[in-house]
Every structure is written in C-alpha cells, then in structure tokens.
Amino acid sequence: MWRPPDCSPELLAYSRRMAASAKRILLIYGGHAGGRTLQLVQAVTMGILQSGEPVELRAQPALDAGADDLLWAEALLIGTPEHFGYMSGAVKDFMDRTFYPVEGKVDGLPYAIFVSAGNDGTGAVTSIERIALGYKWKKVAEPVVVRGEVDAAAMQRCAELGQAMAAGLALGIF
C-alpha cells in the first residue's frame, strides 16, 4: 500500500480510526448557481471544515439529495433562498420526496437552517420548521437569516453555524 514517505504507520492508523468514527453531516440547499444562498453554503462548509472536528460532510443540491442521504446523516443543515416568503421549491421537493421513505427512521435528527432572504425570511424558516416537526427532527440552533446582500458578517455567522454543528455533533451534544 502506497503512503507518503513522511506518514508513519501510527498516523495512518489514527487517520483510519478518525474516518471510521467521523460523524456525518448532510447539507442540502436550494437556489441558483452563483446566487447568494450558494455563498452562504460555502461559508457553512468552510466553518465545518475549519472546525477540526472528525466529521464527514455531504453537501449537495436539494434536487440531487434523497432518502438514502437523509438516512446516512447524523445531522442536517438546510440552506434555502426565500422565494415569495417560502422555502425554495428544491428544498420543498426534497422534503416531499423523503418524508414517507424515512418516516420514523430519522426521529431526533439534529438540524439547523440558513436562509438568504430578500424580505424577512420568516416564511421560509416557519415553513421548514413546521415540516421538521413532522419528521420529528431536533432544532439545535437558531436559524441564520441573511437579509439582502451577503457581507462579511453574514459569512461569519454562517461559518459559525457550520462550526457549531460540527462541534456539537462530534462532542455528542446533539
């Protein structure tokens, strides 16, 4: 088996143990390529990666994610733009497609929401939280709602959401 010359067998064994014990986070998102929500997804992702916690991240558009992804996850992050005071159609589609196949199998799944809002974001948040009650998921953070253009403060809040999810999951808090 090939390995880098400076990688000791102990480090390789540690790396395998960490990978085997890594907690799994699913990040699904709606929105358009190059849009504000994608900027927030990138910030959340960077927060998770920079947390240093042993987590595996599966980030994918909501239209590409399915029940198997949700069953794989030990935590869920949902990113959506606000469309007409509601979540994106892609996120709603994900929830419609996965609800019955995972019913009773994801109870207590820790989740958090981030929203790119042109208005106040409350409709998007409320609709996701209402559906999450049906799934019996557990909200572990207040939603991050970014109104208008994405600035450095918004990126920081999203990075902190990612870090908090990774740390809380890795430490067994969630």
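The values are calculated or read from the model by the stated rules, or taken from the named source; none is laboratory data. No experiment lies behind these values; they were computed from the predicted model shown. Cβ: placed from backbone, ideal geometry, glycine included. Neighbour counts: every protein chain shown.
Structure notes:
- The set of residues in region 50-82 that are within 23 Å of residue 154 (Cα to Cα), over 12 Å from the mean Cα position of the chain (by Cα) and in contact (Cβ under 8 Å) with a residue 40 or more places away in the chain comprises 50, 51, 53, 81, 82.
- Residue within region 51-72 that is crowded, with 19+ Cβ neighbours inside 10 Å, modelled with pLDDT of 95 or more and closer than 18 Å to residue 142 by Cβ present: no
- Scanning region 92-146 for residues being free of Cβ contacts under 8 Å to residues at least 60 places away in the same chain, touching a Phe, Trp or Tyr at 6+ places or on another chain (Cβ under 9 Å), under 14 Å from residue 62 (Cβ atoms) and part of a strand (DSSP E or B) gives a total of 1.
- Taken over region 100-131, the criterion of being among the hydrophobic types (A, V, I, L, M, F, W, C), more than 13 Å from residue 75 (Cβ to Cβ) and under 15 Å from the mean Cα position of the chain (by Cα) is satisfied by 114, 115, 125, 128.
- Criterion violated by residue 156 - all others in (1) out of contact with any strand residue (DSSP E or B) (no Cβ under 9 Å at 6 or more places or on another chain); (2) within 19 Å of residue 73 (Cα to Cα) satisfied: (2)
- The single condition among (1) under 14 Å from residue 25 (Cβ atoms); (2) in contact with a Leu (Cβ under 6 Å, 6 or more places away or on another chain) that residue 144 does not meet is (1).
- Where residue 159 falls short, out of the listed (1) at pLDDT below 95; (2) surrounded by 15 or more Cβ atoms within 10 Å (Cβ to Cβ): (1)
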